[in-house]
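Report on the structure given below.
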Amino acid sequence: MRVSELARIWEQTAAGELTEATYNIRLPVEDAAKLEALSEMYPKRSHENLLSDLISAALDDLEKSLPYIKGPRVIAEDELGDPMFEDIGPTPRFLALTKKHLLRLQNQRSADIDGEPTA
């Protein structure tokens, strides 16, 4: 999801799996005013829903904007047979850490649903 797509999505309904964890943030006054404006424009969306969607879109945009840094190793060939080099920039690390934390959160959620204590 991109930030530019949020208004269209807010006109419809958005759903997704949520964590049990909550994140408390303090906003700069200007950003709080913008959030209030969005809340007034889209009254069916709570402040929490708006912030969740905005953060999700911003993280997607951030991931796409991480720089590709060409590594020395060829990992594949494109459809024209040209070599594709590994990415040694921040993207692979970000994706690996995201996967690590996603698995942890999913396991924690499963344990919570099954009634098992979580660590």
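The values are calculated or read from the model by the stated rules, or taken from the named source; none is laboratory data. Only a predicted model underlies this, so the values are computations on that prediction, with no experimental measurement involved. Cβ coordinates were reconstructed from backbone atoms using ideal geometry, including for glycine residues, and neighbour counts include every protein chain displayed. We work out accessible area using only protein heavy atoms, side chains counted, and drop any ligands, DNA or RNA first. Shrake-Rupley method; radii C 1.70, N 1.55, O 1.52, S 1.80 Å.
Determine one quarter of the surface area of the Cα convex hull of region 19-61, which equals its mean projected area, and express it in nm² to one decimal.
3.6
For region 1-106, take every pair of Cα atoms, bin their distances at 10 Å starting from 0, and report each bin as a whole percent.
11, 31, 29, 18, 10, 1
Report ³J(HN,Hα) in whole Hz for each residue of region 97-109, in order, from the Karplus equation J = 6.51 cos²θ - 1.76 cosθ + 1.60 where θ = phi - 60°; Gly and Pro get x.
5, 4, 4, 4, 6, 4, 4, 4, 5, 5, 5, 5, 5
Need the full-extension length gain, Ile55 to Ser39, defined as separation in residues times 0.36 nm minus the C-alpha distance. One decimal, nm. Mind showing how you got there, number by number?
Values: separation 16, 0.36 × 16 = 5.76 nm, distance 1.54 nm.
Length gained, Ile55 through Ser39: 4.2 nm.
Taking the highest mean first, how do the peptides 94-105, 34-45, 51-62 order by number of other beta carbon atoms within 10 angstrom per residue?
Averaged packing, sorted descending, gives the order 51-62, 34-45, 94-105.
Put a dot 7 Å past each Cα toward the Cβ at Asp31 and Glu86; how far apart are the dots in nm?
Once both label points are built, they end up 3.6 nm from each other.
Carbon and sulfur together cover what percent of the accessible area of region 27-95 at a 1.4 Å probe radius?
The computed percentage sits at 61.
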